[in-house]
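Notes follow the structure.
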Amino acid sequence: MFRRAQDINEKSTWQELTPGAEIYEPATSLQVKTGDWRVMVPVFKEAQCKQCLLCVPFCPDNSIPVKDGRRLDFDFDHCKGCGICYKVCKFEAIDFVKEEK
């Protein structure tokens, strides 16, 4: 039986907890907005982007959407601010700054 975090309380026993690393239903990562814990944030500079799309496959969170062969701004609901896109961009089309919340 799958127990969501909000269904578990201090009186729950360890037997009631969902085992870790087990997938119970597909594509649940889209339901969890993991970008909230980000400290640094990438900033897309569209004017400098050459649309090489090199940053896209390097993003571990699939947070760089592509439509009609062109990259769009970041999906900040899921971007964790790892900075890999910033490091692989050869055209300095991505800045990496401290996020202001």
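Using Cα positions and a limit of under 30 Å, work out the lysines in reach of Lys98, with same-chain residues fewer than 8 apart set aside. By straight Cα distance, Lys98 reaches Lys33, Lys45, Lys50, Lys67, Lys80, Lys87, Lys90. With all protein chains in place and ligands, DNA and RNA left out, the 1.4 Å accessible area ranks Trp14, Trp37 as Trp14, Trp37, largest first. Lys90 sits with roughly 150 Å² accessible to a 1.4 Å probe, with DNA, RNA and ligands left out of the calculation.
The amide H of Phe96, built 1.01 Å from its N in the peptide plane, has Val43 as neighbours under 5 Å, considering only residues 5 or more places off or on other chains.
The values are calculated or read from the model by the stated rules, or taken from the named source; none is laboratory data. Since we're looking at a predicted model, the values are computed, not measured. For accessibility, only protein heavy atoms count, side chains too; no ligands or nucleic acids. Shrake-Rupley method; radii C 1.70, N 1.55, O 1.52, S 1.80 Å.
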